[in-house]
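Written below as structure tokens is the structure these notes are about.
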Amino acid sequence: MTATLFRELTEAVQRYLDLMHDCDVARFDAVFYPTVQLHGYRSGRMQCWPAAEYKAILAARKSPKSQGAPRDESILLIDFASATQALVKVRLRINSDLFVDHLTYHRIDGSWLITSKGYHLESEGR
């Protein structure tokens, strides 16, 4: 992939990480495609949230930023399938929980947007 595509994708990943930290849903549509679905296990049950439901969850969440939580995040993998599709694996802390997210990105109308998110709760804070 070109250096430009790589830079644009890493900037998109940073927008995602920023959104997870501050929960400012005014930027939700700049991160997620409208048909995105999120899947993962919580409390032993598979959860699936469409975009609108996940946006409402973020809007209601006490953001790590508002609680003064330090940022703990890293990009573990970037894998380009093409100039318009990539998989990104990140690890991030949201308050006391540590997640590993697999984010499918598509480049749509010049912007990298998440079209699918699979998350794993690596450790749950108590």
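The values are calculated or read from the model by the stated rules, or taken from the named source; none is laboratory data. What you see is a predicted model, and the numbers here were worked out from it, not measured in a lab. No Cβ is skipped: glycine too gets one built from the backbone with ideal geometry, and neighbour counts run over all protein chains shown. The area values use the complete protein model at the heavy-atom level, side chains included, leaving out ligands, DNA and RNA. Shrake-Rupley method; radii C 1.70, N 1.55, O 1.52, S 1.80 Å.
Give the residues of segment 44-54 that are under 17 Å from Ser116 (Cα atoms) and open to solvent by 70 Å² or more (accessible area, probe 1.4 Å), sorted by residue number.
Result: Met46, Ala52, Glu53.
Within segment 73-126, which residues are more than 14 Å from the chain's Cα centre (by Cα) and within 22 Å of Arg27 (Cα to Cα)?
Thr84, Gln85, Asn95, Arg107, Ile108, Asp109, Gly110, Ser111
Restricting attention to segment 21-43, which residues are crowded, with 16+ Cβ neighbours inside 10 Å and either free of Cβ contacts under 8 Å to residues at least 24 places away in the same chain or outside any strand (DSSP E or B) (or both)?
Across segment 21-43, the qualifying residues are His21, Cys23, Val25, Phe28, Val31.
Is it true that Lys117 is more than 14 Å from Phe6 (Cα to Cα) and in contact (Cβ under 8 Å) with a residue 40 or more places away in the chain?
yes
State whether one or more residues within segment 44-67 are within 27 Å of Phe6 (Cα to Cα), in a strand (DSSP E or B) and either in contact with a Lys or Arg (Cβ under 9 Å, 6 or more places away or on another chain) or at pLDDT 95 or above (or both).
No, the conditions are met nowhere in segment 44-67.
State yes or no: is Ile94 of a type in the set (A, V, I, L, M, F, W, C) and at pLDDT 95 or above?
No.
Say whether the condition of being closer than 21 Å to Val36 by Cβ, touching a helix residue (DSSP H, G or I) at 6+ places or on another chain (Cβ under 8 Å) and surrounded by fewer than 17 Cβ atoms within 10 Å (Cβ to Cβ) is met by at least one residue in segment 67-75.
There is at least one residue in segment 67-75 that is closer than 21 Å to Val36 by Cβ, touching a helix residue (DSSP H, G or I) at 6+ places or on another chain (Cβ under 8 Å) and surrounded by fewer than 17 Cβ atoms within 10 Å (Cβ to Cβ).
If you check Trp49 against the conditions, is it touching a residue at least 60 places away in the same chain (Cβ under 8 Å) and not β-branched (Val, Ile, Thr)?
When the stated conditions are applied, Trp49 does not pass them.
Quick one: count up the residues across segment 99-126 that are in a strand (DSSP E or B) and among the acidic types (Asp, Glu).
Total meeting the criteria: 2.
Any chance you could count how many residues in segment 76-98 are more than 24 Å from Glu8 (Cβ to Cβ) and either in a loop (DSSP other than H, G, I, E, B) or open to solvent by less than 60 Å² (accessible area, probe 1.4 Å) (or both)? Give the steps one after another, and end with the answer.
Taking segment 76-98 as the starting set, the residues that turn out to be more than 24 Å from Glu8 (Cβ to Cβ) are 93-98.
Applying the additional criterion that residues be either in a loop (DSSP other than H, G, I, E, B) or open to solvent by less than 60 Å² (accessible area, probe 1.4 Å) (or both) yields 94-98.
Of the residues in that region, 5 qualify.
Looking at (1) under 19 Å from Leu9 (Cβ atoms); (2) touching a Ser or Thr at 6+ places or on another chain (Cβ under 8 Å); (3) of a type outside the set (Lys, Arg), which is the one condition that is false for Thr35?
Every condition holds for Thr35 apart from (1).
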